[in-house]
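Right, one structure below, let's go through it.
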Amino acid sequence: METLFLLVETEVGRLDEVLRRIRSVPGVTEVQVVTGPFDVIVKVEAPHINQALDTVVHRIRRIGGIKSTETLVTVATG
């Protein structure tokens, strides 16, 4: 199983809508509101990293109310 984390900045006043829509995306296993330059952190899991990235690009980033994102791909350590 591959995991990535997505940091999301939302447009003012659209946080609740964005949260609701992100939570409904297949592959999203956790969503948390955070403080700092981003508003939300999203955990995405998929059998292959390409599927996880596809979820970000073709499902999450197209959600209205998202201002910007940053993707963090986890790596295995020895």
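Just so you know, all these numbers are worked out from the coordinates, no wet-lab data involved. All figures in this text were calculated on a predicted structure; none of them were measured in a lab. When we count neighbours, we look across all protein chains shown, and the Cβ atoms used for this are built from the backbone with ideal geometry, even at glycine.
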Residues of segment 50-64 that turn out to be touching a strand residue (DSSP E or B) at 6+ places or on another chain (Cβ under 7 Å) and exposed (fewer than 14 other Cβ atoms within 10 Å of the Cβ), as a count: 0
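Yes or no, residue by residue, for (1) surrounded by fewer than 18 Cβ atoms within 10 Å (Cβ to Cβ); (2) aromatic (Phe, Trp, Tyr); (3) within 9 Å of the chain's Cα centre (by Cα):
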{"site": "Leu6", "(1), (2), (3)": "no, no, yes"}
{"site": "Thr10", "(1), (2), (3)": "no, no, no"}
{"site": "Gly13", "(1), (2), (3)": "yes, no, no"}
{"site": "Ile22", "(1), (2), (3)": "no, no, yes"}
{"site": "Val25", "(1), (2), (3)": "yes, no, no"}
{"site": "Ile66", "(1), (2), (3)": "no, no, no"}
{"site": "Leu72", "(1), (2), (3)": "yes, no, no"}
{"site": "Thr77", "(1), (2), (3)": "yes, no, no"}
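When you scan segment 31-53, how many residues do you find that are among the hydrophobic types (A, V, I, L, M, F, W, C), free of Cβ contacts under 8 Å to residues at least 40 places away in the same chain and not in a loop (DSSP other than H, G, I, E, B)? Lay out the reasoning, then the answer.
Step one: of segment 31-53, the residues among the hydrophobic types (A, V, I, L, M, F, W, C) are 31, 33-34, 38, 40-42, 44, 46, 49, 52-53.
Okay, now just the ones that are also free of Cβ contacts under 8 Å to residues at least 40 places away in the same chain, so 31, 33-34, 38, 40-42.
Filter once more, keeping what is not in a loop (DSSP other than H, G, I, E, B): 31, 33, 40-42.
Of the residues in that region, 5 qualify.
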Residue in segment 9-19 that is outside any loop (DSSP other than H, G, I, E, B) and touching a helix residue (DSSP H, G or I) at 6+ places or on another chain (Cβ under 6 Å) present: yes
Every pair of residues 6+ apart whose Cβ atoms lie under 7 Å, when the first sits in segment 57-78 and is free of Cβ contacts under 8 Å to residues at least 24 places away in the same chain while the second is in a strand (DSSP E or B): Arg61/Thr69
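Residues in segment 21-30: is at least one free of Cβ contacts under 8 Å to residues at least 40 places away in the same chain, β-branched (Val, Ile, Thr) and in a helix (DSSP H, G or I)? Show your work before the answer.
Let us first name the residues in segment 21-30 that are free of Cβ contacts under 8 Å to residues at least 40 places away in the same chain, namely 23-30.
Subset that is β-branched (Val, Ile, Thr): 25, 28-29.
When the remaining residues are screened for being in a helix (DSSP H, G or I), the result is none.
So far as segment 21-30 goes, no, none of its residues is free of Cβ contacts under 8 Å to residues at least 40 places away in the same chain, β-branched (Val, Ile, Thr) and in a helix (DSSP H, G or I).
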